[in-house]
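Below is one structure, written out as structure tokens; the observations come after it.
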């Protein structure tokens, strides 16, 4: 199939545009998304095309925005609520955790909440502790929510289109560092079902599981490790809920070693949970302890050098892969 | 490294065997496949062969002694090697009288490879090892305590086990075929069912009276092949098929349950000339299997629990000999066995559904085929089996018999196996 190169933010825009054209109940609200086209330019041009009824600016009032979105979804629309930073989604946690995630169960399955919250997280450029968090574990923990974390333009488009067609609340977590990255996106109707991971690089020695902005960083590490003679398989689950356990377990059973990389801080993170799944299901296949590379358990520092030190970098991933192979963390110079 | 040769199981409910011939004495060197002894039960005699090369370094029994089954008949090792004291066995008069004597601990001890030079000689006394290294070592009869590990702080990792196994010439890829009785002519290969191992066939073979070589192997995930993981039915068939290549000139297959399904699948694409098929309570013909049984059977950790589940295998609970339950439990003393079988079960069954079918392959098989099934089979229903049998297959429906016709109606099953094989000419 033909494909073309798009930026992550352009791929997201295409997904929203195509679904708004297809389904008149899709609308989007957020801060600065209509007139300004969004802080990350994802929604540029949509106001002119669909008008202020379906592309609407809001005041700086996240609790109200999320409440509107959840209510509209219950009433039968397909709202997209854009929250500028995932950190600010905390203002709407009651609507997300107690209403959106529970409504389907509490109505005996009759009420559905096709609510999509698009937001972004992660470190990048020294925007400090309240604008740099990776909070996927909070949503991952709540039964009833879908948690999506695309790492490429193609995945971003395909998963967002699926999100706008399925019936449950979706936490669509983008990354501030990824908006300007480029990648090939298939032409035509391009939809990616939830729960299907993607092998971003095939390998035989170690399985590395990563998502969101840790995927490109892990691919860089894998490239460097290949020069050291180590073949790394990089798996991107793409959706954390539902999680593609089968792909993970099959890969780990093959390589017998696993490293999980998350930008979020270590304590109570998704990596720990994936690790527990591997230990329960594939313990007897393992030839080394599962390694977790994660952010430090501190608020993300403002200072750029400290910010960098607080989240996994390429060398941290390389060292963990080498440990999983029972090798010294740093390759010794050939000689 | 010293390894024991065990007194074989000689009957479903027999716990001891008489040693009638010993072909070796202390200090003799034996090769793999050498006949080392003959033991007998009241009904039949069994040849015991060496499974590895080595020097006989212990021989606790003499001709005429009565030895407990599954205890070491002798140990093979290197010149000058001693065996650890705690693993030598004093001839026991009647171990069946006390369940403790034939329980898991006794058998696990007997099956554990012995350390060179006693406990002080272990290079890895703390037994540090990765899970897969531990499993693979156990599958090859190696003790991680004897292996110098290359992992962190001396831990044994997979490559250490594989290196040792390949240097010892022990192939890891093909399943080991055991000769249960030697003979002349086209070999008969017996394939056991899910959760069993090849020793399950021994009682049945005692007086089969065919004169053909009788062989068996442990399916992947079972018995000595528990380190051999198969990702699904096709992989099991491929592994067995590969192991049987040296019998490409012709083979009779006898299978029970899962083993019967494997036997049918081997009639196609494995490059084997299958002369006859005898299928006992075959799986793989209908869609359903008793999923509760598979789950409960694998989950049982105590003798009462396992007894409760294994009773489902038979129509008359009295026909289930306690020794059969204890042998199953004893095999599970190896911590890798149950996980290996759970993996196999997950690949074969989804709840009460069999994920594989050999009904079409059976339809295409033109040779003689006999099916033996119990009317009261609670695991795989007779109705399912009947529904998918082609017309050229002989079906024997046994009243008052469950999933183990070979246990509940051994005489008849022996006669039917012999007739089926003879009919192939």
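The values are calculated or read from the model by the stated rules, or taken from the named source; none is laboratory data. Keep in mind that what you see is a predicted model, and the values were worked out from it rather than measured. In this analysis, Cβ positions are derived from the backbone assuming ideal geometry, glycine residues included, and neighbour counts consider all displayed protein chains.
Which ones in the stretch A:3-26 are outside any helix (DSSP H, G or I) and in contact with a strand residue (DSSP E or B) (Cβ under 7 Å, 6 or more places away or on another chain)?
So the first thing to find is which residues in the stretch A:3-26 are outside any helix (DSSP H, G or I), and the list is A:3-7, A:23-26.
Across the stretch A:3-26, the qualifying residues are A:3, A:4, A:5, A:6, A:7, A:23, A:25, A:26.
On the given criteria, is residue B:34 under 20 Å from residue B:198 (Cα atoms) and at pLDDT 80 or above? Break it down into steps so the answer makes sense when it comes.
On the way: under 20 Å from residue B:198 (Cα atoms): yes; at pLDDT 80 or above: yes.
For residue B:34, the condition - under 20 Å from residue B:198 (Cα atoms) and at pLDDT 80 or above - is met.
Quick check on this structure: which one of B:170, B:165 is away from chain A (no Cβ under 14 Å), outside any helix (DSSP H, G or I), closer than 24 Å to residue A:285 by Cβ and modelled with pLDDT under 80?
On the way: B:165 fails: outside any helix (DSSP H, G or I).
After ruling out the rest, the residue left standing is B:170.
Of the residues that make up the stretch A:236-258, is at least one under 23 Å from residue A:328 (Cα atoms), away from every other protein chain (no Cβ under 14 Å), within 17 Å of the chain's Cα centre (by Cα) and modelled with pLDDT of 95 or more? Talk me through it step by step, then tell me what you get.
From the stretch A:236-258, those under 23 Å from residue A:328 (Cα atoms) are A:252, A:254-258; that's our starting set.
This time we only want the ones that are away from every other protein chain (no Cβ under 14 Å), so: none.
No; the residues of the stretch A:236-258 include none that is under 23 Å from residue A:328 (Cα atoms), away from every other protein chain (no Cβ under 14 Å), within 17 Å of the chain's Cα centre (by Cα) and modelled with pLDDT of 95 or more.
For the stretch A:27-47, indicate whether the set of residues that are modelled with pLDDT of 95 or more and part of a helix (DSSP H, G or I) is non-empty.
yes
Find the residue count for the stretch B:226-242, including only residues that are more than 14 Å from every other protein chain (Cβ to nearest Cβ) and at pLDDT 85 or above. Spell out the reasoning first.
Residues of the stretch B:226-242 more than 14 Å from every other protein chain (Cβ to nearest Cβ): B:233-234, B:236-242.
From what's left, at pLDDT 85 or above: B:233-234, B:236-241.
Residues in the stretch B:226-242 being more than 14 Å from every other protein chain (Cβ to nearest Cβ) and at pLDDT 85 or above: 8 in total.
Which residue, of B:259, B:255, is within 22 Å of residue B:327 (Cβ to Cβ) and part of a helix (DSSP H, G or I)? Break it down into steps so the answer makes sense when it comes.
Numbers: B:255 fails: part of a helix (DSSP H, G or I).
Matching residue, one of B:259, B:255: B:259.
Of everything in the stretch A:136-162, what is in a loop (DSSP other than H, G, I, E, B) and in contact with a strand residue (DSSP E or B) (Cβ under 6 Å, 6 or more places away or on another chain)? Give them in sequence order.
Here is the first cut: in the stretch A:136-162, the ones in a loop (DSSP other than H, G, I, E, B) are A:141-145, A:149-152.
Within the stretch A:136-162, A:145, A:149, A:151, A:152 meet the criteria.
What tally of residues in the stretch A:52-70 results from selecting those that are touching a strand residue (DSSP E or B) at 6+ places or on another chain (Cβ under 9 Å) and in a helix (DSSP H, G or I)? Break it down stepwise before answering.
First, pick out the residues of the stretch A:52-70 that are touching a strand residue (DSSP E or B) at 6+ places or on another chain (Cβ under 9 Å): A:53-58, A:62, A:65-66, A:68-70.
Among the residues that remain, those that are also in a helix (DSSP H, G or I) are: A:62, A:65-66, A:68-70.
Qualifying residue count, the stretch A:52-70: 6.
Read through the list (1) at pLDDT 90 or above; (2) over 19 Å from residue B:262 (Cβ atoms); (3) part of a helix (DSSP H, G or I), then give the number of the only condition that residue B:401 fails.
Result: residue B:401 passes all but (3).
Residue B:263 versus (1) touching a residue at least 12 places away in the same chain (Cβ under 8 Å); (2) touching a helix residue (DSSP H, G or I) at 6+ places or on another chain (Cβ under 8 Å): which is the lone unmet condition?
(2)
In the stretch B:179-206, what residues are farther than 24 Å from residue B:34 by Cβ, in contact with a helix residue (DSSP H, G or I) (Cβ under 7 Å, 6 or more places away or on another chain) and in a loop (DSSP other than H, G, I, E, B)?
Once the filter is applied, which keeps residues that are farther than 24 Å from residue B:34 by Cβ, in contact with a helix residue (DSSP H, G or I) (Cβ under 7 Å, 6 or more places away or on another chain) and in a loop (DSSP other than H, G, I, E, B), the stretch B:179-206 yields B:192, B:193, B:194, B:195.
Against the definition (under 18 Å from residue A:91 (Cβ atoms), in the same structural domain as residue A:115 (by TED's automatic domain parsing) and over 24 Å from the mean Cα position of the chain (by Cα)), how does residue A:51 come out, yes or no?
On the way: under 18 Å from residue A:91 (Cβ atoms): no; in the same structural domain as residue A:115 (by TED's automatic domain parsing): yes; over 24 Å from the mean Cα position of the chain (by Cα): yes.
For residue A:51, the condition - under 18 Å from residue A:91 (Cβ atoms), in the same structural domain as residue A:115 (by TED's automatic domain parsing) and over 24 Å from the mean Cα position of the chain (by Cα) - is not met.
Within the stretch A:188-201, which residues are at pLDDT 95 or above and assigned to a loop (DSSP other than H, G, I, E, B)? Spell out the reasoning first.
Going through the stretch A:188-201, the residues at pLDDT 95 or above turn out to be A:189-201.
Within the stretch A:188-201, A:189, A:190, A:191, A:192, A:193, A:194, A:195, A:196, A:197 qualify.
In the stretch B:290-325, how many are touching a residue at least 60 places away in the same chain (Cβ under 8 Å), part of a helix (DSSP H, G or I), within 19 Å of residue B:200 (Cβ to Cβ) and out of contact with any strand residue (DSSP E or B) (no Cβ under 7 Å at 6 or more places or on another chain)?
Going residue by residue through the stretch B:290-325, those that are touching a residue at least 60 places away in the same chain (Cβ under 8 Å) are B:290-294, B:297-298, B:303, B:312-316, B:319-324.
Filter once more, keeping what is part of a helix (DSSP H, G or I): B:291-294, B:297-298, B:303, B:312-313, B:319, B:322-324.
Checking which are within 19 Å of residue B:200 (Cβ to Cβ) leaves us with B:293-294, B:297-298, B:303, B:312-313, B:319, B:322-324.
Within this subset, residues satisfying the condition of being out of contact with any strand residue (DSSP E or B) (no Cβ under 7 Å at 6 or more places or on another chain) are B:293, B:297-298, B:303, B:312-313, B:319, B:322-324.
Number satisfying all stated conditions: 10.
Looking only at the stretch B:355-369, which residues are out of contact with any helix residue (DSSP H, G or I) (no Cβ under 7 Å at 6 or more places or on another chain) and either under 22 Å from residue B:222 (Cβ atoms) or not assigned by TED's automatic domain parsing to the domain that holds residue B:290 (or both)?
Passing the criteria: only B:357.
Across the stretch A:265-295, what is the total count of residues that are in contact (Cβ under 8 Å) with a residue 12 or more places away in the chain and either within 12 Å of another protein chain (Cβ to nearest Cβ) or outside any helix (DSSP H, G or I) (or both)?
From the stretch A:265-295, those in contact (Cβ under 8 Å) with a residue 12 or more places away in the chain are A:265-275, A:277-278, A:281-282, A:285-295; that's our starting set.
When the remaining residues are screened for being either within 12 Å of another protein chain (Cβ to nearest Cβ) or outside any helix (DSSP H, G or I) (or both), the result is A:265-269, A:278, A:281-282, A:285-295.
Matching residues across the stretch A:265-295 total 19.
Would you confirm, using the coordinates I've provided, whether residue B:232 is touching a helix residue (DSSP H, G or I) at 6+ places or on another chain (Cβ under 6 Å) and either assigned by TED's automatic domain parsing to the domain that holds residue B:410 or closer than 20 Å to residue B:310 by Cα (or both)? Talk me through it step by step, then tell me what you get.
Numbers: touching a helix residue (DSSP H, G or I) at 6+ places or on another chain (Cβ under 6 Å): yes; either assigned by TED's automatic domain parsing to the domain that holds residue B:410 or closer than 20 Å to residue B:310 by Cα (or both): yes.
So residue B:232 fits the description; yes.
Just name the residue that is modelled with the highest pLDDT out of those in the stretch B:207-216 that are touching a helix residue (DSSP H, G or I) at 6+ places or on another chain (Cβ under 6 Å) and in a strand (DSSP E or B).
Taking the candidates together, the pick is B:216.
Out of A:279, A:243, A:227, A:306, which single residue is within 16 Å of residue A:123 (Cβ to Cβ) and surrounded by fewer than 23 Cβ atoms within 10 Å (Cβ to Cβ)?
Numbers: A:279 fails: within 16 Å of residue A:123 (Cβ to Cβ); A:243 fails: within 16 Å of residue A:123 (Cβ to Cβ); A:227 fails: within 16 Å of residue A:123 (Cβ to Cβ).
Going through A:279, A:243, A:227, A:306 in turn, the sole match is A:306.
Return yes or no: is residue A:117 part of a helix (DSSP H, G or I), over 20 Å from residue A:274 (Cα atoms) and at pLDDT 95 or above? Even if it seems obvious, please write down each step before you answer.
On the way: part of a helix (DSSP H, G or I): no; over 20 Å from residue A:274 (Cα atoms): yes; at pLDDT 95 or above: yes.
Against the criterion (part of a helix (DSSP H, G or I), over 20 Å from residue A:274 (Cα atoms) and at pLDDT 95 or above), residue A:117 does not qualify.
Hey, can you tell me all the residues within the stretch B:45-58 that are within 19 Å of residue B:204 (Cβ to Cβ) and surrounded by fewer than 17 Cβ atoms within 10 Å (Cβ to Cβ)?
The answer is B:45, B:47.
When the stretch B:333-366 is examined, which residues are found to be away from every other protein chain (no Cβ under 14 Å) and under 17 Å from the mean Cα position of the chain (by Cα)?
Residue satisfying the conditions is B:333 alone.
Could you please find all residues in the stretch A:296-335 being under 17 Å from residue B:152 (Cα atoms) and not in a helix (DSSP H, G or I)?
First, pick out the residues of the stretch A:296-335 that are under 17 Å from residue B:152 (Cα atoms): A:319-331.
Scanning the stretch A:296-335 gives A:325, A:326, A:327, A:328, A:329, A:330, A:331.
State whether one or more residues within the stretch A:124-131 are outside any loop (DSSP other than H, G, I, E, B), surrounded by fewer than 22 Cβ atoms within 10 Å (Cβ to Cβ), assigned by TED's automatic domain parsing to the domain that holds residue A:177 and out of contact with any helix residue (DSSP H, G or I) (no Cβ under 6 Å at 6 or more places or on another chain). Lay out the reasoning, then the answer.
First, pick out the residues of the stretch A:124-131 that are outside any loop (DSSP other than H, G, I, E, B): none.
Scanning the stretch A:124-131, I find no residue that is outside any loop (DSSP other than H, G, I, E, B), surrounded by fewer than 22 Cβ atoms within 10 Å (Cβ to Cβ), assigned by TED's automatic domain parsing to the domain that holds residue A:177 and out of contact with any helix residue (DSSP H, G or I) (no Cβ under 6 Å at 6 or more places or on another chain), so the answer is no.
Among the residues of the stretch B:13-44, which ones are surrounded by 19 or more Cβ atoms within 10 Å (Cβ to Cβ) and in a loop (DSSP other than H, G, I, E, B)? Walk me through it before giving the result.
So in the stretch B:13-44, the residues surrounded by 19 or more Cβ atoms within 10 Å (Cβ to Cβ) come out as B:15-17, B:19, B:22, B:24, B:30, B:36-37, B:39, B:41.
Selection gives B:15, B:24, B:41.
Do any helices (runs of 4 or more DSSP H) lying entirely in the stretch B:59-149 carry at least 2 residues that are surrounded by 19 or more Cβ atoms within 10 Å (Cβ to Cβ), at pLDDT below 50 and away from chain A (no Cβ under 14 Å), and which ones are they?
B:104-111
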